[in-house]
1. Every residue in the range 423-474 that is part of a strand (DSSP E or B) and aliphatic (A, V, I, L, M), please.
2. Among the numbered conditions (1) surrounded by 19 or more Cβ atoms within 10 Å (Cβ to Cβ); (2) touching a Pro at 6+ places or on another chain (Cβ under 7 Å), tell me where Ala119 comes up short.
3. Could you give every pair whose Cβ atoms fall below 8 Å, whose first residue belongs to the range 123-140 and is more than 17 Å from Ala311 (Cα to Cα), and whose second residue is of a type in the set (A, V, I, L, M) and open to solvent by 30 Å² or more (accessible area, probe 1.4 Å), counting only separations of at least 6 or pairs across chains?
4. Tally up the residues in the range 92-122 that are in a loop (DSSP other than H, G, I, E, B), within 12 Å of Ser302 (Cβ to Cβ), without any contact (Cβ under 8 Å) to a residue 24 or more places away in the chain and hydroxyl-bearing (Ser, Thr, Tyr), please.
5. Ala297 passes all but one of (1) in contact with a helix residue (DSSP H, G or I) (Cβ under 7 Å, 6 or more places away or on another chain); (2) farther than 21 Å from Pro81 by Cα; which number fails?
6. May I ask you to list the residues in the range 381-416 that are open to solvent by less than 10 Å² (accessible area, probe 1.4 Å) and not in a loop (DSSP other than H, G, I, E, B)?
7. Search the range 72-122 for residues being within 16 Å of Arg213 (Cβ to Cβ) and small (Gly, Ala, Ser), and hand back the single one that is nearest to the chain's Cα centre (by Cα).
8. Among Leu236, Leu214, which is among the hydrophobic types (A, V, I, L, M, F, W, C) and farther than 29 Å from Ile258 by Cβ?
Amino acid sequence: MASSYLIQSPNFSTTLKLPSKPTTLKTTPSFLPIKAAAAASSNNTPTPTPTSKSSNIRDKARHQNLTNPPQINNFSAKYVPFGADPDTSTESYSLDEIVYRSQSGGLLDVQHDLSALKAFPGSYWRALFDSRVGKRTWPYGSGVWSKKEWVLPDISSDDIVSAFEGNTNLFWAERFGKQFLGMNDLWVKHCGISHTGSFKDLGMTVLVSQVNRLRKMNKPVVGVGCASTGDTSAALSAYCASAGIPSIVFLPANKISIAQLVQPIANGAFVLSIDTDFDGCMKLIREVTSELPIYLANSLNSLRLEGQKTAAIEILQQFDWEVPEWVIIPGGNLGNIYAFYKGFHMCKELGLVDKIPRLVCAQAANANPLYLYYKSAWDEFKAVKANSTFASAIQIGDPVSIDRAVYALKNSNGIVEEATEEELMDAMAMADSTGMFICPHTGVALTALMKLRKSGVIGSTDRTVVVSTAHGLKFTQSKIDYHSNNIKEMACSYANPPVSVAADFGSVMDVLKKYLSKTPKY
Ligand SMILES: Cc1ncc(COP(=O)(O)O)c(C=O)c1O
Ligand SMILES: N[C@@H](CCOP(=O)(O)O)C(=O)O
């Protein structure tokens, strides 16, 4: 048998058996608790275990830290200019600084000390992450914080603001795959089945936790603000409300769904409805956050992407660390496509897997600046005026993360596709007819899949994951319009309107018989 050693996982409830002891480990990391740490620090005086009546999961985590104090932590992360050459660039910032842009005005990236993480083999990280799933140990019960060492290694668990987000369902789209695409290995990662109904929760737990820490450090942060097409504002306001931090949201008037609008209102955010589009709101929030001590929560802030990247790691985990061929993601402001790339790339870099999937970014044809750039063979990027789309959360013409998206696509042999309004609405209706209840943005991603299947780029047996970014219940009006055949110049080919019928037995029987005569096997 290969040499192995036993440690207890950081949630203290699972003993991990690791294949081999890392040879380059110099200090005992904070997540090598009880047995290994006790051996490393034999004069620890145990403190009494809190009784279940007097303690909560946060207290228990604190107690574990007392009995098993964090050892010298090798892991760290800092901001660096996005795309800077690590051999020549010396510019970097602590994550405790309030900075969103590099000196040259470019984007930032959170850079982890990979050499410290590499002291542990991929098998170690796989076993550690797997050991935390399905537990309620603070904060590791969260799908994001179960990867804490790769997200915000320095933050105290006490400062974390979490709704135990992540760990979302990876749904086998058996019937949709077979019926519409001739595919047998199609999966939908339901990131929208989440606390506030979208993938934004993954990034917002990280950002708001860091703000919580900054405020405890007396840094000048009076509130947190964002521009939003709906989902970012919902997540921001919920996490801020949970931590008692003021949130301020800039929304384009009449351009987001009622279900999305009511979320920040209910969570007590200061909501500004502004007579412009998302790009206009984004410009305003950037100006405002450079004048006032309001922390910027959009994905321009690279902290957000550290949380969002965990969805990619989770997909690999859910496939027992087998890598799918394709991952398809709807794109708007374009932070998420880079977040997914980063999650996959880290897993490869740190030896958890040996390759990464090909990424597809799917845009609405009415808001397609990335698609046009891709089609020009990356010749020249031009922002567009985004037109109205049922995929309203990606009605964005000047995406802040354009450079990140291009990097992700170039380094994953990626593709960009687009979906017209009719295509995305039909795709949504087709998926719903097989038992899903997806949002229009997921309809955009499914359209991209259908086109790539039709052209033969994606094969019938290719393992493919479509990322569903928001809950369908946030977008019911678009479904109502479609199923009522109430959309101008759209055939609504899969509409399924309700049948009005008189309240008598004969009339009900007549319509039922007519219906049943058309159903197979009757
Ligand atoms: C539901 C939904 N899907 C997709 C996206 C696109 O994500 P990104 O802006 O990171 O490209 C957004 C937000 O922009 C969204 O709210
Ligand atoms: N769809 C987003 C648009 C803003 O994106 P962000 O990721 O940069 O915050 C939203 O829901 O507001």
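1. Across the range 423-474, the qualifying residues are Ile438, Val465, Val466, Val467, Ala470.
2. Ala119 satisfies all of (1) surrounded by 19 or more Cβ atoms within 10 Å (Cβ to Cβ); (2) touching a Pro at 6+ places or on another chain (Cβ under 7 Å) except (1).
3. Arg136/Ile57; Thr137/Ile57; Trp138/Ile57
4. To start, the set of residues in the range 92-122 that are in a loop (DSSP other than H, G, I, E, B) comprises 92, 95-100, 102-106, 113, 118-121.
Okay, now just the ones that are also within 12 Å of Ser302 (Cβ to Cβ), so 95, 99-100, 102, 106.
Among the residues that remain, those that are also without any contact (Cβ under 8 Å) to a residue 24 or more places away in the chain are: 99, 102.
Those left that are additionally hydroxyl-bearing (Ser, Thr, Tyr): 102.
Count: 1.
5. (2)
6. Selection gives Arg404, Ala405, Ala408, Leu409, Val416.
7. Only one residue fits best here, namely Ala77.
8. Leu214
The values are calculated or read from the model by the stated rules, or taken from the named source; none is laboratory data. On a predicted model such as this, the values are computed, not experimentally measured, just so you know. Cβ coordinates were reconstructed from backbone atoms using ideal geometry, including for glycine residues, and neighbour counts include every protein chain displayed. For the accessible areas, the whole protein counts, side chains as well, though only heavy atoms, and no ligand, DNA or RNA atoms are used. Shrake-Rupley method; radii C 1.70, N 1.55, O 1.52, S 1.80 Å.
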